[in-house]
Amino acid sequence: MTRTNGDHALVLGGGIGGLLAARVLADTYDRVTLIDRDRMPVPGEHRRGVPQGRHVHGLLARGQQILEELFPGLTAELIAQGALAGDLLANCRWYLNGHRLRQTDSGLTVLCARRPLLEGTVRARVLGRADVTLREGYDIVGLTATPDSRRVTGARIMGRSDDGTAEDVAADLVVDATGRGSRLPHWLERLGYDAPPEERIGIRLAYATRAYRLSADALGGDLVVINGATREQLRGGLVQLVGGETALVTLTGRLGDVPPVDPDGFLAFARSLPFPDIHRSIRDAEPLDDPVPFRFPESVWRRYDRLRRMPAGLLVIGDAVCRLNPQYAQGMSVAALEALVLREHVRAGDPDPRGFLRDLARVLDGPWKISSGADLALPGVEGRRTPVGRVMNRYVSRLHATAASDAEAAASFVRVAGLVDPPGRLLRPALVARVLRGTGSSDGVLRSGVIGESPAIR
Ligand SMILES: Cc1cc2nc3c(=O)[nH]c(=O)nc-3n(C[C@H](O)[C@H](O)[C@H](O)COP(=O)(O)OP(=O)(O)OC[C@H]3O[C@@H](n4cnc5c(N)ncnc54)[C@H](O)[C@@H]3O)c2cc1C
């Protein structure tokens, strides 16, 4: 039986995080209102508020599973609209640390769709509910609170098309899902609270993405080719078939190396990647648009969970809490995992923000370790390196070498990369033994037991 926590929940931001929050809140609140500054296009069309939507948006296996749970039949609905699905390992060519992972059935789904189609289809499902409303074309300019600021009571919004008159929208619960540009630290300070401390990994990542016409068999039966950066070669790239004889090609540079957006420069950058697959697939293909750029200076985790005080009636989700290096394709799946935490906390009644934020931090711990750990393996990336992290990176590098011929090691890795298993699963004794056997065990640190004793890797 569902129970209700109050009349009205307000979700700030109607991106993936906001939509998933609205979906789970609708089970326990009588009404849910989403606010977004954009006027929403039909599914499949780009919009201003999500500029990253022009770039490849891989949905990891765990994200696909959760979306399917929250919206039964969504995968089939997306496929009916042109999206492609396959196996996360059997149909994906992963080049990591200079090794091509052995392709085998992992039992996990990779769903290949453009972000506007994915988001638009989810949006249609959420707004198909009678208890969820979207107010589009409104800027969120702040929070409202009780006179003692102990409880947030709603948000102040301003119509983009009218005379700039502010309107206060009252709610029993407010969830900030305004993404990377969230102003929540500032809004909290205005209410007399501290801004959260932040963890940062400086990667100065640059993207360039272009769509090409490619037939469904252009990648030899694969749906995705991933060319990851290595210590020696910081450039990377990705090609993903997205249906309708279209592929998105994203090229990445770091630390000031920027993939060009002129057609010749784009192709030359693709040719410079250590593996030729991406360049070969596009060199004679028909481009469907011009390359578009994106800059992502750093991964940032706002540690709201470390604040001593938070007002009641206020939660935060998605990129507003943690924005991860997009190369690992975690953001939407992490938002899905966070929506499950939100569901648990609102089921139990009026949620306690600090308890919610603690549980959110537990969910974020694994993805953050994967993203920051892999980035800190690369020279020049800014962030705090630890001995445990260094050992772990050497181990993962050996794991990739083993996974070039060992299907089980490859499957174990993609289960973690797909957020289905926690990172600690890579350290189970049977797998460690295979890795050490598979690549020679000359590394004394690995054999000394440091990994097994590490409290930081669970
Ligand atoms: C280049 C790039 C590539 C990426 N690739 C992947 C990938 O392959 N796989 C993956 O899972 N993730 C990827 N991500 C991450 C993913 O885009 C985000 O993690 C995800 O969109 C987070 O959702 P969100 O709802 O928190 O934020 P968003 O989806 O960004 O949504 C925020 C929403 O809030 C609205 N908004 C913001 N401020 C206001 C305001 N003041 N008033 C009104 N409305 C406001 C915006 O219009 C927007 O609709 C990528 C990110 C980037 C930058």
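The values are calculated or read from the model by the stated rules, or taken from the named source; none is laboratory data. Keep in mind it's a predicted model, so treat the numbers as computed, not measured. As a convention, Cβ positions derive from the backbone with ideal geometry for all residues, glycine included, and neighbour counts pool all protein chains shown. Note: accessible area is taken over every heavy atom of the protein model, side chains too, but ligands, DNA and RNA are not part of it. Shrake-Rupley method; radii C 1.70, N 1.55, O 1.52, S 1.80 Å.
Observations on the model:
- Heavy atoms of Arg354: accessible area, 1.4 Å probe, square angstrom to 10: 90 Å²
- Computed over the alpha-carbon atoms, the chain gives an Rg to Rh ratio of 0.97, Rh here being the Kirkwood radius from the mean inverse distance.
- Net charge, Pro116 excluded, C-beta distance under 13 Å - Lys, Arg +1, Asp, Glu -1: +3
- Length-normalised contact order for region 77-175 - Cα pairs under 8 Å, 6+ apart - percent: 17 percent
- Summarising the amide proton neighbourhood of Val242: residues at separation of 5 or more, or on other chains, whose placed amide H is nearer than 5 Å comprise Ala247, Leu248.
- Helix 331-347 axis, angle to the chain major axis (alpha carbon atoms, nearest 10°): 40 degrees
- Point-to-point label distance, Leu127-Glu77, nm (Cα→Cβ direction, 7 Å offset): 1.3 nm
- Contact order normalised by residue count of region 269-356, Cα under 8 Å, 6+ apart, percent: 26 percent
- Each Lys and Arg Cβ is given +1 and each Asp and Glu Cβ -1; about its Cα centre, the chain then shows a dipole of about 1400 debye.
- Percent antiparallel among DSSP beta bridges (both partners in the chain, rounded to 5): 70 percent
- Residue-wise HN-Hα coupling along region 109-125, computed from phi with Karplus coefficients 6.51, -1.76, 1.60 (Hz; x: Gly, Pro): 8, 10, 10, 10, 9, 6, 4, x, 6, 4, 5, x, 6, 4, 4, 4, 5
- Rolling a 1.4 Å probe over the protein chains gives Ser372 an accessible area of about 20 Å².
- Rounded to the nearest Hz, the phi-derived 3J(HN,Hα) couplings of region 294-304 under the Karplus curve 6.51 cos²θ - 1.76 cosθ + 1.60 (θ = phi - 60°) are 7, 10, 9, x, 7, 7, 9, 10, 7, 8, 4, where x marks glycine and proline.
- The largest accessible area among Asp406, Asp375 belongs to the first residue in Asp406, Asp375, and the rest follow in falling order (1.4 Å probe, all chains).
- Calculated FRET efficiency for the pair Glu408/Ala216, C-beta based, R₀ 41 Å, to 0.05: 0.90
- DSSP-defined antiparallel bridges as percent of all bridges, region 1-153, nearest 5: 40 percent
- Spin-label pair Glu68/Val388, simplified geometry with 7 Å Cα→Cβ offset, distance in nm: 3.3 nm
- Distance between the modelled labels on Thr146 and Arg280, one decimal in nanometres: 6.6 nm (7 Å Cα→Cβ projection).
- Relative contact order (%) - criterion: Cα under 8 Å, at least six apart; region: the chain: 19 percent
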